[in-house]
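For reference, the structure is listed below as structure tokens.
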């Protein structure tokens, strides 16, 4: 297979530690991948005011097969304008409409729920990634007065809803999963929820072998904490997906374990660990690199390197089971040392 080109944006905070660590793991697989690193970050913004160059998104789509992004966010930039323009810019301007977050428990000691074993937590959340309240539509009237009014508009298009629901069913079919659950709050948000309800039924009819289910998002949160083994594929809107995936990450050991991809089939897609930049932990060699490493494995599978991806996943599992990890999940190693152990296991 020909070499793939990957753009790398380490970002801020612990991103500068876990992303290079994950790249070493990828290199250990021998996958034919070339990395090009970009300094888009708070440092760059504070230096010359650049968030992303004028041709940045076009260049990424034109010249690269995938993008690997670390966490963005820095207290020196209170508005986080650089994070918004880089990260949300990639999602919206590159039309990466499906946020894919696998939720898999590797060891029962990592789950805060009693009696829950690895086979009980193995599902995928598909979050719509380009619509909802995150389109930044709305405004403020009479700001600073007792009569202040703030509006935030929630955009849902037939095209956007249909394609992300179809993506969820296609993923279920591809991965041999049996159920797709759609979550909304249509008992209150009747207009947006009504669109999701109608489209879900229409698309589901094209996949008769897959069971369908619906839950209101508050009930979904309750059942996720009560009985996570009932879930297979969950598809929901941008805001609800943002919330429930953090809850889901807790089931697998925390945000430091969580991987994600921002996908548009057939186009350059972006992969990022779920955790934030965590400024208090930056530069201390204590951040968990597994979220970034597992994200790299997702990226390799997406690029067609399934065997190399599986080698990484097996090495991560071995690290967790043997406690060759950082302290947040029971180990004693630093960021670099934990990653180096996984590198050795991959080799």
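The values are calculated or read from the model by the stated rules, or taken from the named source; none is laboratory data. Note that this is a predicted model, so its numbers are computed, not measured. Note: ideal-geometry Cβ built from the backbone for every residue, glycine included; neighbour counts use all protein chains shown.
Of the residues making up the stretch 157-168, those that are farther than 29 Å from residue 252 by Cα and either surrounded by 15 or more Cβ atoms within 10 Å (Cβ to Cβ) or more than 24 Å from the chain's Cα centre (by Cα) (or both) are 160, 162. Total residues in the stretch 246-277 satisfying the condition of being buried (at least 21 other Cβ atoms within 10 Å of the Cβ) and either assigned to a helix (DSSP H, G or I) or free of Cβ contacts under 8 Å to residues at least 24 places away in the same chain (or both): the figure is 5. Set side by side, the residues 171, 181 differ, and just one is surrounded by 11 or more Cβ atoms within 10 Å (Cβ to Cβ), out of contact with any helix residue (DSSP H, G or I) (no Cβ under 7 Å at 6 or more places or on another chain) and in a strand (DSSP E or B), which is 181.
Residue 35 fulfils the conditions (1) more than 24 Å from residue 313 (Cβ to Cβ); (2) within 22 Å of the chain's Cα centre (by Cα) except for a single criterion, (1). Note on the stretch 288-310: residues that are buried (at least 21 other Cβ atoms within 10 Å of the Cβ) and under 20 Å from residue 2 (Cα atoms) amount to 9. Of all the residues in the stretch 29-44, those that are assigned to a helix (DSSP H, G or I) and surrounded by fewer than 21 Cβ atoms within 10 Å (Cβ to Cβ) number 2.
Hey, any hits in the stretch 215-230 for a residue that's under 12 Å from residue 165 (Cα atoms) and buried (at least 18 other Cβ atoms within 10 Å of the Cβ)? For the stretch 215-230, residues under 12 Å from residue 165 (Cα atoms) and buried (at least 18 other Cβ atoms within 10 Å of the Cβ): absent. Please verify whether residue 60 is assigned to a helix (DSSP H, G or I), closer than 29 Å to residue 312 by Cα and modelled with pLDDT of 95 or more, treating the condition exactly as stated. So residue 60 fits the description; yes. Note on the stretch 64-156: enclosed strands (runs of 3 or more DSSP E) holding 1 or more residues that are surrounded by fewer than 21 Cβ atoms within 10 Å (Cβ to Cβ) and without any contact (Cβ under 8 Å) to a residue 12 or more places away in the chain are 138-141, 149-152. Of all the residues in the stretch 1-27, those that are in a helix (DSSP H, G or I) and more than 9 Å from residue 68 (Cα to Cα) number 12. Of the residues making up the stretch 12-28, those that are crowded, with 22+ Cβ neighbours inside 10 Å and more than 17 Å from residue 286 (Cα to Cα) are 25, 26.
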